[in-house]
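What follows draws every value from the coordinates through simple rules; no lab data is involved. These numbers come from a predicted model, not from an experiment. Positions of Cβ are generated from backbone atoms using ideal geometry, with glycine treated the same way; all protein chains shown enter the neighbour counts.
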Amino acid sequence: MLLKTIRLRDRTPVTLRLMRPDDAPLLLDMHNRLSDASIYFRYLRYRIPTLEQLEKLAQMTPDVGVGIVASIETPTETIIGHAYYVIEADDRTSAEPAVLVEDQFQGRGLGRALLDILSQAAWEQGIEVFHALVHPSNEQLLGLVRRSGLPFQSKYAYGMHEVQVELDPALRG
Ligand SMILES: CC(C)(COP(=O)(O)OP(=O)(O)OC[C@H]1O[C@@H](n2cnc3c(N)ncnc32)[C@H](O)[C@@H]1OP(=O)(O)O)[C@@H](O)C(=O)NCCC(=O)NCCS
């Protein structure tokens, strides 16, 4: 399902759509193009998921969470960004998000667009809070959260930032 088409800061058109079960191979291709730094900041270790793990993720149903992919036509579809959230099993007003943009497309507004659409989808599903563990050197993600306009709290614990973002659009500054 097409959510929308956006243009990056350099005018590149990018399609944002819901993740589909058959996206796993294209998601793996994107992971294989990532720098070590992006892999580490995303997974907090230098290892990308396997095809089987991505297949399981891509088959996620809305009661578990929601995934979005960002793609360009090259001329076949190439996934260049990915974001999803997984709803807490014991507190369905809370979810853990993840956002990933391929290195050569970072810093052009795609992370912001993915986070916006993810926050909106989550709020519409009754989720009030995103919480995530963020590496303290991950200035891009911390900057992204700061610039989202949504209220957030950050607590330093065990060498990581525990970041909690409130999703109510009425609170957006
Ligand atoms: C974090 C990430 C998703 C951001 O995506 P992006 O497309 O580069 O972000 P955007 O271009 O939309 O930038 C949004 C805001 O983030 C901040 N930001 C982006 N790059 C930054 C940097 N290098 N330093 C500080 N702030 C930065 C800025 O505030 C920016 O807002 P502005 O453009 O209005 O100034 C991307 O860098 C990424 O995939 N990193 C690797 C994986 C990761 O860390 N994922 C998050 C953990 S799950």
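Just to be sure before I move on: is Glu73 under 28 Å from Thr12 (Cβ atoms), charged (D, E, K, R) and within 16 Å of the chain's Cα centre (by Cα) in the structure I sent? No, not satisfied.
Within segment 143-173, take every residue that is assigned to a strand (DSSP E or B), over 19 Å from the mean Cα position of the chain (by Cα) and not hydroxyl-bearing (Ser, Thr, Tyr) and give me the one that is farthest from Gln106 (Cα to Cα).
Residue satisfying both the conditions and the ranking: Ala157.
Would segment 1-23 turn up any residue that is in contact (Cβ under 8 Å) with a residue 12 or more places away in the chain, touching an Asp or Glu at 6+ places or on another chain (Cβ under 6 Å) and surrounded by 13 or more Cβ atoms within 10 Å (Cβ to Cβ)? So far as segment 1-23 goes, no, none of its residues is in contact (Cβ under 8 Å) with a residue 12 or more places away in the chain, touching an Asp or Glu at 6+ places or on another chain (Cβ under 6 Å) and surrounded by 13 or more Cβ atoms within 10 Å (Cβ to Cβ). Against the condition over 21 Å from Asp168 (Cα atoms) and free of Cβ contacts under 8 Å to residues at least 12 places away in the same chain, how does Gln106 come out, does it pass? In short, no.
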